[in-house]
Structure formats: C-alpha cells, structure tokens
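Structure record follows, encoded as structure tokens.
No lab work stands behind these numbers, since they all come straight from the coordinates. Note that the coordinates shown come from a computational prediction; the quantities given were computed from them, not determined experimentally. In this analysis, Cβ positions are derived from the backbone assuming ideal geometry, glycine residues included, and neighbour counts consider all displayed protein chains.
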C-alpha cells in the first residue's frame, strides 16, 4: 500500500508540478539548526510519500471551495499538518501519537508514527477532528461563555457587537489606533532567546501561502520584524531591548491615562527581564503588581530540568517616560518575599511550584519594587536587587 502511494505521488507530481508547494527551509537568521543537522533541506521532506499524497489531494479539494468555508478548511488543514509528518512519535505513557511541537522544537523521531488521517472518531489530529475543532471555535465565537467563580459557566454578552478589529500586524507600529483610545492592553512579549517561534511557525508557511492566507514572499525568510533574539550575544540583547522599546512606546501612545497594560512573561536569564524592564521604563509603562499564573501543564513532554510552569503576570499603568529606572544586573532569587509567599500558597493547594517558578516571579518582583520606589520618592531612583549568595 505504501509503495502504491509512492508510485501515485510520482505520477501526480510529473503531471502536476505544483501538486506540492515549494518549501525551502530558510537558513539565514536561525537560532535552531537541527533540521539541517537531521539532513532536511525542504519542509516537504518532513512528510512520507503517503502523507504527501494525502496532503496534496486534500489541498486540491480545499482549493475547490470558496469564501469563509475555504478559509475554515485551510485552517483545519494547518492544524492537521502537525500530526501527519515524520516528526510524530508515540507517547507510550499516554498511548497516543505525540504531534510535532508537542515540545517547542523540531525533535528528531527515530520511529515515526503515521495515523489514518480520515478516522472520524478516535485519532488525535485526523482531518475530521481538525475540522470539528474549527466548528467548536466558531460556535464559541457565536455564543461565547466564561467561567464563574462558583465553577459554572455563563454567557458573555458582547455590548459592542461588530466593533472588533482583528488583524496580523507588527506591535512596533500600530498607527491604525488613535492616541489615548485604549483602556486595556493584554500582550505576551517574546521569550528573549528561548523559543524561536518564527522558525517553528515557518513550517506552516508553504501550505498557507498556497491557500492564499499569507503572501508567497514569506516563503523565502522569517519575518523581518521579529523581536526574539537569535543568539546570546550583547548585540542580540540590545536589539531585543530596542524592539521592545518601540513596541511599548506604541502601546503607551494608544493608552488612556487610566489604562492598564498586562503582560505575561517567563525567563530565567536575567538579561531577558532586564531588557524588558529597560523598554518599559523608557516607554512610560510602569509595573504596579505581579502574580503567577499557571501557563504550562506538567506533562512529561513539556517538563524538563528548570522548567517554568507558572508565568509571571505583570500589571502596569500608563505613566511618564523615564519615571523609573530598570534595575541592572538582575539576579533571580527563589527566596524573596513574594516568591516565598506564592510558593507556600501554591504548594498548600496541592500544586507544584518549582524553584524556577519562584525565581521567575522574583524577577518580576524586582522591577515592580524598582518602579514603586521611584514613585514614592517622586523622582527616578535606581534599585539594585540583592544578589544571590555565592
């Protein structure tokens, strides 16, 4: 059956040179070169012949559709790609397929697992299940609900129906938003140099470009405006700081005077937090409170030594530029007042709160203290956090 599929693929590609989209893997500007070390040059090589045949035929069928239906099926196809490739393994303890990006990296699999893509009930990542996920999302948009503190759910009444504006854009330039027009900003800055999302996301580009969801110019390279650093060099840190400063200045510009800016962040390298704090201080984004929020589950595939499960949530207000100074030479400590307090609370609730989680929240605590000290003094102040014991 596999030989027959490979033979059919050869015949189709000979008759239709565009049966599969061009899919070169960009080399420039990479942080993770594992794909090349594995021997891959094109994303198409990440799929077996039978998977290529299936995806090519499915794409042709989707291209016969029109409008919103075609777009919905294209998005389901994108999700379907992560469970139908040669980097899918088998999680023995879960007794199911582990998809590509079950950890946030291109991980080599010695024994790839191939599923039946057309199973209608069981089967993680089959195409019918990918379509059903889009249907559930559509239903949730049309009739949104939210959890209550009592553990139930209630409908969400959208008082401004039709007034939303969703777009893909660069946070360093949000000129379409007017000055002092926004009351709440929720954002999630890049992890400095920890996860190369642009490199991982490029895996989807060939097919999304074929469906017309993104421009074909995206095939050649990663986005030019990405903020994540591609190395641990001083230049990379400066570039990250400069980019985050531009983004925070734009955020501050569109914020009302009583607005709140809330972001989530995790980083065990003090330079990541220091760069973020410098950008905030220069932009007039003033941190006033921080607390942990569970971000990653504790499954085996996600856990590793020094993993962070609890993101640090930082609540900020809009203020004057350079009204506080970012603390230099940040050193995270799991023994600060706030980190100890949250560690006790979380552990008492029967959940895990590791030393890395405590260290991460201590970084956020340091910048909140620095901004608060400057506010109390009525002028800029420099606060150097206590260093860890040698």
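Only Cα pairs under 8 Å and 6+ residues apart enter the sum, and on that basis the relative contact order of segment 1-53 stands at 51 percent.
Classify segment 2-139 as rounded, prolate or oblate, taking a ≥ b ≥ c as the square roots of the eigenvalues of its Cα gyration tensor: rounded when a/c is under 1.5, otherwise prolate if a/b is larger than b/c and oblate if not.
Since a/c stays below 1.5, the shape of segment 2-139 is classed as rounded.
In terms of Cα atoms, the Rg and Dmax of segment 306-361 work out to 13.9, 42 Å. The modelled label-to-label distance between residue 320 and residue 132, using points 7 Å beyond Cα along the C-beta direction, is 5.9 nm. Note on residue 165 and residue 184: the extension gain reaches 5.4 nm, defined as 0.36 nm multiplied by sequence separation minus the Cα-Cα distance. Classified by the C-alpha gyration tensor, segment 62-171 has a prolate form. Its axis ratio a/c, with a ≥ b ≥ c, is 1.5 or above, and a/b is larger than b/c.
Springs between Cα atoms under 10 Å define the GNM used for the chain, and in it the highest mean-square fluctuation of 96, 239, 252 occurs at 96. Mean-square fluctuations from a GNM of the chain, with a 10 angstrom spring cutoff on Cα atoms, peak among 131, 262, 69 at 69. Remark: the residue 109-residue 289 segment gains 60.5 nm on full extension, using 0.36 nm per residue and subtracting the alpha carbon distance. Axis of helix 67-81 versus longest Cα principal axis of the chain: the two differ by about 90°, to the nearest ten degrees. Using 1/(1 + (r/R0)^6) with R0 = 25 angstrom and r between the beta carbons of residue 18 and residue 101, what's the FRET efficiency to the nearest 0.05? So, using R0 = 25 Å, E works out to roughly 0.40. Here the chain yields Rg over Rh of 1.00, to two decimals, using C-alpha coordinates and the Kirkwood radius. Placing dummy labels 7 Å off each Cα toward the beta-carbon, the span from residue 7 to residue 348 is 7.1 nm.
Helical runs (DSSP H, four residues minimum) scored at -39500 (n - 2.57) apiece and divided by the length of the chain put the mean residue ellipticity at 222 nm at -11500 deg cm²/dmol.
Counting only C-alpha contacts under 8 Å and six or more residues apart, can you give the relative contact order of the chain as a whole percent?
Rounded, it is 12 percent for the chain.
Label sites at residue 377 and residue 57, each approximated as a point 7 angstrom past Cα along Cα to Cβ, lie 7.1 nm apart.
Please state the relative contact order of segment 2-139 as a whole percent: Cα pairs under 8 Å, 6+ residues apart? Before the final figure, lay out the partial values.
Working: 147 pairs, mean separation 25.9, N = 138.
Here the relative contact order equals 19 percent.
Comparing 105, 259, 91 in a Gaussian network model of the chain, where Cα atoms under 10 Å apart are tied by springs, the biggest mean-square fluctuation is seen for 91.
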